[in-house]
Amino acid sequence: MQNMAAERHSIQDRMGDNDPDQKMHTYEVRPREDHHGVDLISHMLPFGRLLYLEVREAVAYAKFYSRSQNTVIRVYDAASNVIETHEHAGDFKEF
């Protein structure tokens, strides 16, 4: 359990998400080390990461569950280079 907490803090530090007032949802899609799919990584996920078989599925999940928030989704290759960036302005409106 400590490892998951440490990994979550590491993800937050890497993504710059230590500001509690920050409203941006940030996601990373990275290839798995075992070459079986990709990991969706974010401070917004309960355990820090989810496994997907395809990049498009991970991006679709992140877009759907962050639809009311400003969101940035970065897709990385095996060499840790950003190969795609998806940005979404939240469409939630207060009346």
For HIS43, other-chain or 5+-apart residues with amide H closer than 5 Å (H placed, Pro excluded) are THR26
Go ahead and run the numbers for FRET between PHE47 and MET24, Cβ-Cβ distance against an R0 of 22 Å, rounding to 0.05. 0.60
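Find the Rg to Rh ratio for the range 30-95, where Rh is the Kirkwood radius over alpha-carbon pairs and Rg uses the same atoms.
Working: Rg = 12.8 Å, Rh = 12.6 Å.
Ratio of gyration radius to Kirkwood radius: 1.01.
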Gain on full stretching of the segment that runs from GLU33 to TYR65 - 0.36 nm per residue minus C-alpha separation: 9.0 nm
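The numbers here are math on the coordinates, done by the rules we state, and not lab data. On a predicted model such as this, the values are computed, not experimentally measured, just so you know. Note: ideal-geometry Cβ built from the backbone for every residue, glycine included; neighbour counts use all protein chains shown.
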